[in-house]
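Worksheet: one structure, shown below.
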Amino acid sequence: MLDDNYAVAVPFYDLWHGDGHVPVVRESLPPLLKGVRRSVIEIGAGTGLITELIARETPAEIYAVEPSLGMRSVLVSRLASDPDALGRVTVLPYGALDVEVDEPVEAVVMISVLQSFAAEERAALWRVLARQLEPGGRLVFNWRERAVPVPGELEVMSSYQVGRHAYEIAGQVLEVAGESVTSRFVYRIRQRGVAISEDEVVVTNHWPARERLASELEAAGFGPDAAPEGMEVWRRP
């Protein structure tokens, strides 16, 4: 999950993710939420791209967990344009390991968040989420096996035209250590090819093999359920 050390990424967030995993999730997530009517926790809600999808596809109350002030600001602005969602979405300003809601929920959704947790944090995460789910409740997240990355030079990953400016995102892998990958991202705004704004973030993500992920979830008491490629569904007994 992004925190406010990543505030520089907020203006780029919807551009990049709307052009990345979000269209796929918009297709694959709704069937996995079928029958959910009462309550959902969304871990790492970001700017609300998936929050608005959950609100559209279910009548449930939604707890949107997002520690970043910058991300929450965009999320609440997005909710303000939808009176129905504004009445059903409660924005929780803290991280996943601190989640406590008043009663167990039917589903927990995490989209492009899991990589933020190292192995020792994941063990705690599974315990917290199991405690928030009602018996039979579902944990839904996206995941796929990835090739082992190789450290390299900074390369432009995406560029988006916003009026007369180009919003450019560049990245490079700095170090790989087991499942942990440290990368550098540079966010630039260009005017007529000249950078008028440039900020960078160094972040470490964690990409365990699926076998390890399954072992962790089973140890935490979850059981696997059917899901399309790229998605995972696990049930609390």
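Yes or no: segment 72-85 includes at least one residue that is closer than 28 Å to GLU27 by Cβ and touching a Phe, Trp or Tyr at 6+ places or on another chain (Cβ under 7 Å).
No, segment 72-85 contains no residue that is closer than 28 Å to GLU27 by Cβ and touching a Phe, Trp or Tyr at 6+ places or on another chain (Cβ under 7 Å).
Among the residues of segment 158-188, which ones are touching a residue at least 60 places away in the same chain (Cβ under 8 Å) and over 18 Å from PRO208 (Cα atoms)?
Matches in segment 158-188: SER158, TYR160, VAL162, TYR167, ILE169, PHE185, TYR187.
Which residue pairs have Cβ atoms under 9 Å apart, sit 6 or more places apart or on different chains, and have a first residue in segment 205-221 that is open to solvent by 70 Å² or more (accessible area, probe 1.4 Å) and a second that is not in a loop (DSSP other than H, G, I, E, B)?
Close Cβ pairs satisfying both conditions: ARG210/GLU232; ARG212/ALA119; GLU218/PRO224; GLU218/TRP234; ALA219/ALA123; ALA219/TRP126.
Please go through (1) touching a residue at least 24 places away in the same chain (Cβ under 8 Å); (2) loosely packed, with under 12 Cβ neighbours inside 10 Å for SER81 and return the number of the only condition it doesn't satisfy.
(1)
Answer with yes or no whether ARG212 is out of contact with any Phe, Trp or Tyr (no Cβ under 6 Å at 6 or more places or on another chain) and under 25 Å from ALA7 (Cβ atoms).
So ARG212 fails the test.
Consider GLU153 carefully, then state whether it is under 30 Å from ARG131 (Cβ atoms), modelled with pLDDT of 95 or more and either surrounded by fewer than 11 Cβ atoms within 10 Å (Cβ to Cβ) or not hydroxyl-bearing (Ser, Thr, Tyr) (or both). Can you show your working first?
Details: under 30 Å from ARG131 (Cβ atoms): no; modelled with pLDDT of 95 or more: yes; either surrounded by fewer than 11 Cβ atoms within 10 Å (Cβ to Cβ) or not hydroxyl-bearing (Ser, Thr, Tyr) (or both): yes.
Spelling it out, it is not the case that GLU153 is under 30 Å from ARG131 (Cβ atoms), modelled with pLDDT of 95 or more and either surrounded by fewer than 11 Cβ atoms within 10 Å (Cβ to Cβ) or not hydroxyl-bearing (Ser, Thr, Tyr) (or both).
Hey, can you tell me all the residues within segment 99-111 that are touching a residue at least 24 places away in the same chain (Cβ under 8 Å) and out of contact with any Phe, Trp or Tyr (no Cβ under 8 Å at 6 or more places or on another chain)?
Within segment 99-111, GLU100, GLU103, PRO104, GLU106, ALA107, VAL108 meet the criteria.
What is the residue count in segment 14-23 for residues that are surrounded by 15 or more Cβ atoms within 10 Å (Cβ to Cβ) and out of contact with any helix residue (DSSP H, G or I) (no Cβ under 7 Å at 6 or more places or on another chain)?
Number satisfying all stated conditions: 3.
So that you can scan it fast, the table gives a plain yes or no per residue for (1) closer than 23 Å to THR204 by Cβ; (2) open to solvent by 50 Å² or more (accessible area, probe 1.4 Å):
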{"position": "VAL10", "(1), (2)": "yes, no"}
{"position": "SER28", "(1), (2)": "no, no"}
{"position": "LEU33", "(1), (2)": "no, no"}
{"position": "ALA45", "(1), (2)": "yes, no"}
{"position": "THR51", "(1), (2)": "no, no"}
{"position": "ARG56", "(1), (2)": "no, yes"}
{"position": "TYR63", "(1), (2)": "no, no"}
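Could you tell me whether any residue of segment 49-62 is within 17 Å of the chain's Cα centre (by Cα), assigned to a loop (DSSP other than H, G, I, E, B) and under 28 Å from GLU229 (Cβ atoms)?
No, that holds for no residue.
Quick check on segment 170-188: of everything there that is assigned to a strand (DSSP E or B) and either touching a Phe, Trp or Tyr at 6+ places or on another chain (Cβ under 6 Å) or of a type in the set (Phe, Trp, Tyr) (or both), which residue is most open to solvent (accessible area, probe 1.4 Å)?
It comes out as PHE185.
Looking at (1) open to solvent by 80 Å² or more (accessible area, probe 1.4 Å); (2) over 20 Å from TYR167 (Cβ atoms), find the lone condition where ILE196 falls short.
(2)
Scan VAL105, VAL140, VAL99, VAL113 and give me the residue that is more than 24 Å from GLU211 (Cβ to Cβ), of a type in the set (A, V, I, L, M, F, W, C), surrounded by 18 or more Cβ atoms within 10 Å (Cβ to Cβ) and within 16 Å of the chain's Cα centre (by Cα).
So the residue among VAL105, VAL140, VAL99, VAL113 that is more than 24 Å from GLU211 (Cβ to Cβ), of a type in the set (A, V, I, L, M, F, W, C), surrounded by 18 or more Cβ atoms within 10 Å (Cβ to Cβ) and within 16 Å of the chain's Cα centre (by Cα) is VAL99.
Just one of (1) touching a Pro at 6+ places or on another chain (Cβ under 9 Å); (2) of a type outside the set (Gly, Ala, Ser); (3) in a strand (DSSP E or B) trips up ARG131, so point out which.
(3)
With respect to ARG56, is the statement that it is at pLDDT 95 or above and touching an Asp or Glu at 6+ places or on another chain (Cβ under 6 Å) true?
Values: at pLDDT 95 or above: yes; touching an Asp or Glu at 6+ places or on another chain (Cβ under 6 Å): no.
Here the answer is no, as ARG56 does not meet what is asked.
The values are calculated or read from the model by the stated rules, or taken from the named source; none is laboratory data. Because the structure is predicted, anything quoted here is derived from the model rather than measured. Counting neighbours? That spans all protein chains shown, and the Cβs are built from the backbone with ideal geometry, glycine included. For the accessible areas, the whole protein counts, side chains as well, though only heavy atoms, and no ligand, DNA or RNA atoms are used. Shrake-Rupley method; radii C 1.70, N 1.55, O 1.52, S 1.80 Å.
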